[in-house]
1. Only one residue in 210, 178, 222 is within 15 Å of residue 261 (Cβ to Cβ) and crowded, with 20+ Cβ neighbours inside 10 Å, so which one is that?
2. For residue 99, state whether it is without any contact (Cβ under 8 Å) to a residue 60 or more places away in the chain, more than 17 Å from the chain's Cα centre (by Cα) and surrounded by fewer than 17 Cβ atoms within 10 Å (Cβ to Cβ).
3. What is the number of the single condition among (1) touching a residue at least 40 places away in the same chain (Cβ under 8 Å); (2) buried (at least 18 other Cβ atoms within 10 Å of the Cβ); (3) more than 18 Å from residue 48 (Cα to Cα) that residue 150 does not meet?
4. Being part of a strand (DSSP E or B) and either without any contact (Cβ under 8 Å) to a residue 60 or more places away in the chain or within 23 Å of residue 179 (Cβ to Cβ) (or both) is the filter here; which residues of region 118-142 pass it?
5. If residue 83 meets every condition in (1) in contact with a strand residue (DSSP E or B) (Cβ under 9 Å, 6 or more places away or on another chain); (2) buried (at least 18 other Cβ atoms within 10 Å of the Cβ) apart from one, which number is that one?
6. Check off (1) under 26 Å from residue 269 (Cβ atoms); (2) free of Cβ contacts under 8 Å to residues at least 12 places away in the same chain for residue 183 and give me the number that stays unchecked.
7. So residue 188 passes all but one of these: (1) within 30 Å of residue 134 (Cα to Cα); (2) buried (at least 22 other Cβ atoms within 10 Å of the Cβ); (3) modelled with pLDDT of 90 or more. Which condition number does it fail?
């Protein structure tokens, strides 16, 4: 019970901070997520006992270029293709149960685009039409948080069958199903709040359900991929910055893995509409 209370308090503070920043201004949003990306990159390298200091400069350069300069569709699509390719490569290694031990060059590429690309597309997702659509990123966060929270709660009290025992024996099929159902309810709720408020979400109900499905599928896979990194490194958490939740990467793994797929989905919706 004490662990659940600590997780709940940390989660409320964390969610409140993020939503406040989202609705405050775009500069605060950009700066916060640049910092989150740096922290996640640091945790990934630290738990794997890697001292690739140039990766931090590469991350900052990639962020600076794609946030402030390279906004053409060609440049963004190139980054999207590379980021998706890295994510699918990690997914392949997860599903075929191959090691997550990589040589120096591959490790550099994976770290840069798994973390850097994920955060850049998390930042780009709400920029639609003529400007920044706060409710897209707020809705995305809410759906991910609902999925993660109810997957944990349903799995803790009702879970019996492991989802991927060799990587994360505590995650269960029942938890994944419970989290997914509540995530879709959250997607419906986000759509309805947008319809009956002053917030324009830019997405239809059907599109919000699409985002929900992507979050359920790729969010859970992202969580398993981060668990595989931790199992490879023989650590329980990526860090200890968030009481009851572990490190920043533990909290954001679902978001950053799902973000490029959500961005692709929204872009395709815009293209066909």
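The values are calculated or read from the model by the stated rules, or taken from the named source; none is laboratory data. All values derive from a computational prediction rather than experimental measurement. Counting neighbours? That spans all protein chains shown, and the Cβs are built from the backbone with ideal geometry, glycine included.
1. Working: 210 fails: crowded, with 20+ Cβ neighbours inside 10 Å; 178 fails: within 15 Å of residue 261 (Cβ to Cβ).
Going through 210, 178, 222 in turn, the sole match is 222.
2. Details: without any contact (Cβ under 8 Å) to a residue 60 or more places away in the chain: no; more than 17 Å from the chain's Cα centre (by Cα): yes; surrounded by fewer than 17 Cβ atoms within 10 Å (Cβ to Cβ): yes.
Spelling it out, it is not the case that residue 99 is without any contact (Cβ under 8 Å) to a residue 60 or more places away in the chain, more than 17 Å from the chain's Cα centre (by Cα) and surrounded by fewer than 17 Cβ atoms within 10 Å (Cβ to Cβ).
3. Checking residue 150 against (1) touching a residue at least 40 places away in the same chain (Cβ under 8 Å); (2) buried (at least 18 other Cβ atoms within 10 Å of the Cβ); (3) more than 18 Å from residue 48 (Cα to Cα), the one that fails is (1).
4. Applying the first criterion (part of a strand (DSSP E or B)) to region 118-142 yields 127-128, 131-132.
If the condition is that a residue be part of a strand (DSSP E or B) and either without any contact (Cβ under 8 Å) to a residue 60 or more places away in the chain or within 23 Å of residue 179 (Cβ to Cβ) (or both), then 127, 131 are the ones that fit.
5. Only one criterion in (1) in contact with a strand residue (DSSP E or B) (Cβ under 9 Å, 6 or more places away or on another chain); (2) buried (at least 18 other Cβ atoms within 10 Å of the Cβ) is unmet by residue 83, namely (1).
6. The one condition residue 183 does not meet is (2).
7. Exception for residue 188: condition (2).
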